[in-house]
Amino acid sequence: MAGPWKMVMDNISRDRLISILSPLMLLLLWEALVRFHLLDYRFFPPPSTIVGRFWELLVDGTIPSHVAISLFRVFSGFLVGAVPGVIIGLTMGLFPVIRAALEPVVAATYPIPKLALLPLMLLIFGYGEASKIATIGLGCFFLVLINTVAGVVNIDKIFLDVARNYGATKRDYYLTIALPGALPMIFTGMKLGLGVSLLLIVAAEMIGAQNGIGYLIWTSYQIFRLEDMYIGLVLMAFFGYFFTMGLNSLERVVIPWKDPKS
Amino acid sequence: MEGPKIVVRGLSKVFGTGDKAVLALDDVSFTVPKGQFLCILGPSGCGKTTLLRILAGLEKKTGGHLVLHHENPAQPLNSMVFQEYSLLPWLTVLDNVAYGLRMRGIPPREREARARGFIDKVGLGEFARSYPHQLSGGMKQRVSVARAFVNDPEILLMDEPFASLDEQNKILLQQELLRIWEGTNKTVVYVTHSIDEALYLGDRILLMTARPGRIKRDIEVSFPRPRDFKELKTNPRFAALFAEVWGALKEEVLGTTLKERPPRLAGT
Ligand SMILES: Nc1ncnc2c1ncn2[C@@H]1O[C@H](COP(=O)(O)OP(=O)(O)O)[C@@H](O)[C@H]1O
Ligand SMILES: [Mg+2]
């Protein structure tokens, strides 16, 4: 018994070790290549300087303030887009008449790249937070909306019959059938929405902001401070990773009924 | 038995229009007295589900008349046990069983107590917190039966609830159903394609023709209650009634498989 089990354990810890070591090796290689002038340090500043600079900006409060404002914009935009996306999506999914009325509008506006709307948002909402939040909101809205509608439409019709037979009110259809039934798809939409939010926040802050991680990346390009730019890139990567992790754990908590086999 | 609970007169149902129109029910008439356990027996595709869904108000009738007597407005008129698995996957067994009570605005504590009572009655006490995907087919249908009964409707509509179960489970659930139903004075319309089941459960059997569904025979099943499945199977009157029903049903089954009735409405 111990033999095969031990082998599995060995494999797991070996794989984990490799997955920790390989990025470290890559960083070491990078450092070495720059030191030996095989890589141009102006484009690829060595990881040791980036880490040093990171510490500097962390302590003087520059990074925390950029991170805070970017997070605020992403989460506000996400909420502003996802909440109406879910509500309108459930309504379109439940009522074929409303779906028929709104589907052409959605189909026509969805393909517009949301970034292309940023100038319009700047004109409407001005240079303040609202324009950034609105742009991100639009990006999330459509993804959440479309996935929610699909989620409701794909709910087995038998469950609607059950609700009707047991005397469900309109509100009951929303809360006991459409919302829980579409929840897995709503999560799909939210994950896609968060991905798009990261894209939009960087672009919006490069064009129309005086702070945030996108602004950090853009100004470091203009003054040619590439350590700062790499810090911005790494921060974005971390955000993407933690947002996805967060949504995944939230999903496990709110969908405990999900059949692991399906 | 008291006055009629259900009156159906000349009921018809057409699905679709024009070339694609299908006549599913044609001139169906019958009356169900209060408290009767009525079985509707017919070959598959004859319109049994359609008839039940019209009784439940889930489907519109095309023609004819239909009256369900609702005596007590505080009590729901009907609750249905569906043919397919119909438990809401996102609710626990307890919440599924309490669903009807929740829709009726009964406070959480009371509905939970009542739901637990019925979950125990169908022998699933320890699964109250499980989700449907963790249950076997037989357990799911037990929960469906409990969900309908706990709602305390005047009429129970049951659409082949045990058809997909293995023989042993089927007999067990039929026994449980009779045990729960006896003494409730609830009117039951129970759809099945099994002669055994109809004879064991019903006070009366309505035999339907193959599509379009019509009432072919109206057969009284007067075995005394409570009924014992083993005893009934060895009763010569059971055998005689079985032969009679099978004789009539066979014509319908053969009719569909050999002659292949035209599936469309003549002249439309
Ligand atoms: N929603 C529907 N649309 C079109 N045809 C239907 C629909 N529901 C049932 N039918 C047809 O009506 C007939 C009766 O179906 P059904 O009532 O389900 O039969 P049973 O329950 O006796 O097997 C079948 O031929 C079926 O194809
Ligand atoms: Mg059927």
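Do any strands (runs of 3 or more DSSP E) entirely within the range B:181-251 hold 3 or more residues that are open to solvent by 70 Å² or more (accessible area, probe 1.4 Å), and if so, which? Full working, then the answer.
Values: elements: B:187-192, B:204-208, B:215-220.
In the range B:181-251, B:215-220 are the strands (runs of 3 or more DSSP E) which contain 3 or more residues that are open to solvent by 70 Å² or more (accessible area, probe 1.4 Å).
Is it the case that the range A:81-91 has a residue that's without any contact (Cβ under 8 Å) to a residue 24 or more places away in the chain and either open to solvent by 60 Å² or more (accessible area, probe 1.4 Å) or closer than 18 Å to residue A:239 by Cβ (or both)? Yes; the residues of the range A:81-91 include at least one that is without any contact (Cβ under 8 Å) to a residue 24 or more places away in the chain and either open to solvent by 60 Å² or more (accessible area, probe 1.4 Å) or closer than 18 Å to residue A:239 by Cβ (or both).
Yes/no per residue for (1) assigned to a helix (DSSP H, G or I); (2) near ligand 1 (Cβ under 8 Å from one of its atoms); (3) of a type in the set (D, E, K, R):
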{"position": "B:55", "(1), (2), (3)": "yes, no, no"}
{"position": "B:60", "(1), (2), (3)": "no, no, yes"}
{"position": "B:64", "(1), (2), (3)": "no, no, no"}
{"position": "B:74", "(1), (2), (3)": "no, no, no"}
{"position": "B:80", "(1), (2), (3)": "no, no, no"}
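State yes or no: is residue B:39 near ligand 1 (Cβ under 8 Å from one of its atoms), of a type outside the set (Gly, Ala, Ser) and in contact with a strand residue (DSSP E or B) (Cβ under 8 Å, 6 or more places away or on another chain)? Judged against the criteria, residue B:39 is not a match. Considering only residues in the range B:87-106 that are buried (at least 23 other Cβ atoms within 10 Å of the Cβ) and of a type in the set (Gly, Ala, Ser), the one that is nearest to the other protein chains (Cβ to nearest Cβ) turns out to be B:100.
Away from chain A (no Cβ under 14 Å), farther than 18 Å from residue B:5 by Cβ and of a type outside the set (Lys, Arg): does that describe residue B:82?
Details: away from chain A (no Cβ under 14 Å): no; farther than 18 Å from residue B:5 by Cβ: yes; of a type outside the set (Lys, Arg): yes.
No.
Residues in the range A:167-177 that are at the interface with chain B (Cβ under 8 Å from one of its Cβ atoms), at negative phi and open to solvent by 10 Å² or more (accessible area, probe 1.4 Å): A:168, A:169, A:172.
Conditions tested, residue by residue: (1) modelled with pLDDT of 95 or more; (2) under 24 Å from residue A:256 (Cα atoms); (3) within 16 Å of ligand 1 (Cβ to nearest atom).
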| residue | (1), (2), (3) |
| --- | --- |
| B:115 | yes, yes, no |
| B:119 | yes, yes, no |
| B:132 | yes, yes, no |
| B:157 | yes, no, yes |
| B:166 | no, no, no |
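What are the residues in the range B:58-83 that are free of Cβ contacts under 8 Å to residues at least 12 places away in the same chain and of a type outside the set (A, V, I, L, M), if any?
Taking the range B:58-83 as the starting set, the residues that turn out to be free of Cβ contacts under 8 Å to residues at least 12 places away in the same chain are B:60, B:73-74.
B:60, B:73, listed by residue number.
The values are calculated or read from the model by the stated rules, or taken from the named source; none is laboratory data. Keep in mind that this is a model prediction, so the values were computed, not measured. Backbone-built Cβ (ideal geometry, glycine too); neighbour counts: all protein chains shown. Keep in mind that these areas ignore ligands, DNA and RNA; they rest on the heavy atoms of the full protein, side chains included. Shrake-Rupley method; radii C 1.70, N 1.55, O 1.52, S 1.80 Å.
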